[in-house]
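Below: one structure, written as structure tokens.
The values are calculated or read from the model by the stated rules, or taken from the named source; none is laboratory data. The structure displayed is predicted, hence computed values, not measured ones. As a convention, Cβ positions derive from the backbone with ideal geometry for all residues, glycine included, and neighbour counts pool all protein chains shown. Please note that ligands, DNA and RNA were not included when accessible areas were found on the heavy atoms of the full protein model with its side chains. Shrake-Rupley method; radii C 1.70, N 1.55, O 1.52, S 1.80 Å.
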Amino acid sequence: MNLSQELYDQWRAEIQYWRKDGKTDRTKIRKDTAAILLSVRSLYIDLHSWAITEPERWAQWVTPCPIMPRDLKGFNKRLRDVNRRMADTRVRQPLLPVLVRHIEERSERLAGLLELARAVPLGASFEHEGRRYSRTDSWEDRRQAKLVAEPTVRVTDHGTGELIHVTIAEDTAFWEWASVEILRHSGIRVEELVELTHLSIRQYERSNGEVIALLVVAPSKTERERVIPMSADLLHAIAQIVRRQSRDGRPIPLLTRYDPHERIWQDPMPFLFQRHRGSIRAVVSPSTVLEMLGRTCEQIAKTNPTFAGTKFTPHDFRRLFATDIVNGGLPNHIGAALLGHLNLRTTQGYVAVFAEDIVKHYQEFLNHRRTLRPDDEYADLTAQEWAEFEEHFDKRKVELENCARPYGSPCQHEHACIRCPMLQVNPKMLPRLAEIEKDLVLRRKRAEEEQWLGEVEGINMTLTFVRAKQADGARLAKRRPVTLGIPTTRRRPSE
């Protein structure tokens, strides 16, 4: 504890860089060392305080603190730099669709390759998405084919000569897709993501009989359990995980997980984010999710210059989710409850770096709330607020399925649903879209005969939107139904 000036200077030089596998990595400079200095300084100050109340226990450890006040000079400036780097989330917002599309396409491509490769015999060649592959036929492949129900699949790409371990690649791609989908559609923390279990899936039945899927997030940072209504995309991601974990009707295995924050082993639970690593089945760790995202961003940067020097972290999706719900008009106290924030100022910090109208909306909300009660308290939802919340979603139901316009906002496209990008099409309505397309084709034929060129141009544009909606509906139709296995309450025979 009593460090010499020479040893302290050496330590200060070492913490300027990140460490990996017990070694200092000189290529990775730590952007902020103030947090480490404050933690160490707090330890010395705590020892001084404890020694006053229990000198027999702590006095032997009391020494002068090597960290001088001058070492922490400019801390507020460094804190502003951290906030500025957080503001880079604004740069990531337009890059999110590119990242999502890349991850989704890779997962679908590898899933199709794995399914096709499993169906061919060892050593046989086949074609997938215009590329030629052949399944490997080694001694290990033949041994697994005899002993294992689902042997690992490896293929060789004829174009590049690359050996692809399809089973591992598909598994990694799937879990990266699932992580990104749940993070960006729920706004939960990465620690909460890996702690999701089969018991986290609940349902709520409204008075009109409509069933709403809910995701129960276990307490983590704020020790507060919260419930998130699941969107269609979030429910789809959860359903795909349940389908993967409960193949052949088997229950999701119970696993224990070590909590590095609480430093305890959790009880056996049916964790959703569990996977095989070799012969061991374990729960996915937060660092694994971070590494997956880092590798993907580096891959995209090779072909997309906008990703150069930019990386996504799990917490970036939380900030983007917060921005989306505030931009969508959701009241801030409801948004804070969905995010698990104890203070509305925390929610403001997530979205204040974006458009000025968000800050204006937030300030107007605070001014109004302060007239009712202190700004550090939460207002309970009234029956009228909840009724308005439900009424908004009822008004978004249209012929072809659902309108995804922001909360509390009217239709800005004069109910021209076919051309509206907010329309979410139900695959069951594909026959109706075919009727609309047929009618538009007949109208275009009549317009061409009458030389109504303006009408022809408008119909061609509408046809483009109709066919895009048909493509989206056809893609959604490929999603098979999944039995989520939501636990139900059993009644006693006497009841």
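Using 1/(1 + (r/R0)^6) with R0 = 45 angstrom and r between the beta carbons of residue 455 and residue 208, what's the FRET efficiency to the nearest 0.05?
Values: r = 41 Å, r/R0 = 0.91.
Efficiency for this residue pair is about 0.65.
Rolling a 1.4 Å probe across all protein chains gives residue 25 an accessible area of roughly 40 Å².
Residue 53 contributes an accessible area of around 110 Å² to the protein surface, as traced by a 1.4 Å probe with all chains present.
Set the bar at 22 Å for Cα to Cα. Now go through 428/469; 23/73; 23/302; 397/469 and name every pair that lies beyond it. Intermediate results must be reported in sequence, preceding the final value.
Working: 428/469 12 Å; 23/73 29 Å; 23/302 29 Å; 397/469 16 Å.
The answer is 23/73; 23/302.
Straight-line reach from residue 20: taking Cα to Cα under 18 Å and skipping same-chain neighbours fewer than 8 places apart, the aspartates and glutamates in range are 32, 291.
Each residue was assigned an accessible area with a 1.4 Å probe, and for residue 204 the value is about 90 Å².
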